[in-house]
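Below is one structure, written out as structure tokens; comments come after it.
The values are calculated or read from the model by the stated rules, or taken from the named source; none is laboratory data. Bear in mind the structure is a predicted one, so any value in this text is a computation, not a measurement. For neighbour counting, all protein chains shown are included, and Cβ atoms are generated from backbone atoms with ideal geometry for every residue, glycine included. The area values use the complete protein model at the heavy-atom level, side chains included, leaving out ligands, DNA and RNA. Shrake-Rupley method; radii C 1.70, N 1.55, O 1.52, S 1.80 Å.
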2 protein chains.
Amino acid sequence: MSKPLFGAIEAGGTKFNCAVGTSPTDLVATIRIPTTSPEATLKACIDFFKDAAGKFEKVSSIGISSFGPLDLHPNSPTYGSITKTPKAGWSNTSLVGPVSKALDCEVYIDTDVNGAALAEHQWGAAQDVKNLVYLTVGTGIGGGGMVNGDLIHGLVHTEMGHIRVVRCAEDKYPGGCPFHGDCFEGMASGPAFKARWGEAGTKLPMDHVAWKIEADYIAQAISNYIYVLSPERFVIGGGVMHHEGLFPLIRKRVVEILNGYVDSPSILKNIDKYIVPPGLGDNAGVAGGIALAARRKR
Amino acid sequence: MSKPLFGAIEAGGTKFNCAVGTSPTDLVATIRIPTTSPEATLKACIDFFKDAAGKFEKVSSIGISSFGPLDLHPNSPTYGSITKTPKAGWSNTSLVGPVSKALDCEVYIDTDVNGAALAEHQWGAAQDVKNLVYLTVGTGIGGGGMVNGDLIHGLVHTEMGHIRVVRCAEDKYPGGCPFHGDCFEGMASGPAFKARWGEAGTKLPMDHVAWKIEADYIAQAISNYIYVLSPERFVIGGGVMHHEGLFPLIRKRVVEILNGYVDSPSILKNIDKYIVPPGLGDNAGVAGGIALAARRKR
């Protein structure tokens, strides 16, 4: 019997990436759809899967890894919807409903960062652990995670980018989060970095204070996640992390902040293998969709 | 068939409480043992269970809820030990080993706060949820938690009291944590409160700025835990929380800090039922031991 085909939808604020394949490294069809209205965008996604079904075979299930906030309560009447979002026209938009109705297959959904965490666990840089955090530092900051092999859900879903951080003494930037001002995302997202140092800021050398400050906020957040979740691995992606020189700065600062309190060789001796870039590169979104589709119903 | 008897050891820095019973509300024998040397203390515990076995029946298993840090890796050669602790004489002390050897029964162990979280889930204020945090604010600050019905473990165990908090503008206290200075525990533990306001500080009226500051640090921590774990309930115990007027201050401040970002009725409408005192009062330690003993092996 051939391997089953899965469908993936990476639902983002500027584009929807769809794919069909048996795994993230074996995609038989992909498409990039600009995010316009919910109706037009979802119709384009559905058309892609119908078209692919004619060329290959029908996907056995579809996984959606989406921007949020999402309603992920299985028993909720609005399960599988984007709830209240600043993205115009997208509040209270059901994603699972229209897709499962049009394509008559099982549709699974989770946040983009939980999808990425699952994909990194399955195929990427966290295959050997059951407790992990996937963090993205880019236009926004978000984190998803797994405890004992289960993705973290609860009251809603995680919003790891909005924890509070202690302001660096050198930093006068007021913070850019519309909800919290100087929370982690408000201080350390890509837009915050550019607001502070200008468009050319990302070209500053790695020994510039700009990167010291950036690394400090990210290390503060990681240290807090360590105290709250005790993950066995951090996988950090997103546009800001393309500056690979950031990794050594962050690792060093995490060790300084923890100050020996967490007595584990992973931190004290092998932090290079503890805080790592994604094994799946920038494909975590689509890979997350495939991973959600391939996973048995929770 | 009668209900099985379980044994509990609440291992603390000043005392070990042991109990035998079918549940936390049905204890047939209890004893309080002062914490001296590991050998003498554990011998007194073992003698208690031997004595109880003669009077009642042999316990089917024993649960230890202990101060930490602990080695909880099932495959570790030092599983069930206290690792590196400032408590003199107790570093690298096996708790599970001597107890299981002397009493020839299954012995389970976890942190005191994870034990309390499990007990509150089983018999206390969090029976209706599978994602929760138990926080204690007393001599120290610690938190345990559950994700999807599993206690949180990973690299080591949680150390929720050591996350960073943003200093209140009115607060000049440098912080009392020997590792991190002004972390959450360093700023908001019972000793920190007394260092700031004196022994009589706890008699200050609830509208004094002392309580505003205390509530602010606790609310900052809770808000961070919400972003990282999205728990469905917070159960908060410990000596500082005996000042019940703190609960309304904390709840109000959590709502202010989140600022509408987490769109859930539990926070926006029913926060009185979201952040609550323990259902088991101050018995969470022994109850945690019973709960760990009664739980199937993980």
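Here is how the numbers come out for the structure above:
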| item | result |
| --- | --- |
| Matching residues in region B:146-178 - criterion: being out of contact with any Leu (no Cβ under 8 Å at 6 or more places or on another chain) and of a type in the set (A, V, I, L, M, F, W, C) | B:Leu155, B:Ile163, B:Val165, B:Val166, B:Cys168, B:Ala169, B:Cys177 |
| Residue within region B:199-218 that is open to solvent by less than 10 Å² (accessible area, probe 1.4 Å), within 14 Å of chain A (Cβ to nearest Cβ) and at pLDDT 95 or above present | yes |
| Candidate set from region A:156-184 (those that are farther than 23 Å from B:Met146 by Cα and in contact (Cβ under 8 Å) with a residue 24 or more places away in the chain); member that is farthest from the other protein chains (Cβ to nearest Cβ) | A:Glu170 |
| Of all residues making up region B:137-155, the number that are at the interface with chain A (Cβ under 8 Å from one of its Cβ atoms), open to solvent by 40 Å² or more (accessible area, probe 1.4 Å) and not acidic (Asp, Glu) | 1 |
| Pick from region A:262-272, criterion facing chain B (nearest Cβ under 8 Å) and not small (Gly, Ala, Ser), ranking: surrounded by the fewest Cβ atoms within 10 Å (Cβ to Cβ) | A:Asp263 |
| Hits in region B:158-178 (condition: in contact with a helix residue (DSSP H, G or I) (Cβ under 7 Å, 6 or more places away or on another chain) and either assigned to a strand (DSSP E or B) or under 17 Å from A:Ile257 (Cβ atoms) (or both)) | B:Thr158, B:Glu159, B:Met160, B:Gly161, B:His162, B:Ile163, B:Arg164, B:Val165, B:Val166, B:Gly175, B:Cys177 |
| Candidates B:Ala44, B:Ala19 - the one that is in contact (Cβ under 8 Å) with a residue 12 or more places away in the chain, open to solvent by 30 Å² or more (accessible area, probe 1.4 Å) and among the aliphatic types (A, V, I, L, M) | B:Ala44 |
| B:Lys87 among the basic types (Lys, Arg), away from every other protein chain (no Cβ under 11 Å), surrounded by fewer than 24 Cβ atoms within 10 Å (Cβ to Cβ) and over 29 Å from B:Ala188 (Cβ atoms) | no |
| Selected residue (criterion: nearest to B:Pro86 (Cα to Cα)) from residues of region A:244-261 that are within 14 Å of another protein chain (Cβ to nearest Cβ) and open to solvent by 10 Å² or more (accessible area, probe 1.4 Å) | A:Tyr261 |
| Residue within region A:277-284 that is open to solvent by 50 Å² or more (accessible area, probe 1.4 Å), of a type in the set (D, E, K, R), away from chain B (no Cβ under 14 Å) and within 20 Å of the chain's Cα centre (by Cα) present | yes |
| Condition met for B:Arg233 (open to solvent by 10 Å² or more (accessible area, probe 1.4 Å), in contact (Cβ under 8 Å) with a residue 40 or more places away in the chain and among the basic types (Lys, Arg)) | yes |
| Region A:90-114, subset aliphatic (A, V, I, L, M) and in contact (Cβ under 8 Å) with a residue 40 or more places away in the chain, residue most open to solvent (accessible area, probe 1.4 Å) | A:Ala102 |
| Which listed residue, of B:Ile236, B:Ile226, is in a helix (DSSP H, G or I) and modelled with pLDDT of 95 or more | B:Ile226 |
| Where A:Gly143 falls short, out of the listed (1) touching a Leu at 6+ places or on another chain (Cβ under 6 Å); (2) within 18 Å of A:Met241 (Cβ to Cβ); (3) not assigned by TED's automatic domain parsing to the domain that holds A:Ser266 | (3) |
| Matching residues in region B:172-197 - criterion: being surrounded by fewer than 23 Cβ atoms within 10 Å (Cβ to Cβ), more than 18 Å from the chain's Cα centre (by Cα), farther than 20 Å from A:Asn224 by Cβ and not basic (Lys, Arg) | B:Tyr173, B:Pro174, B:Ala195, B:Trp197 |
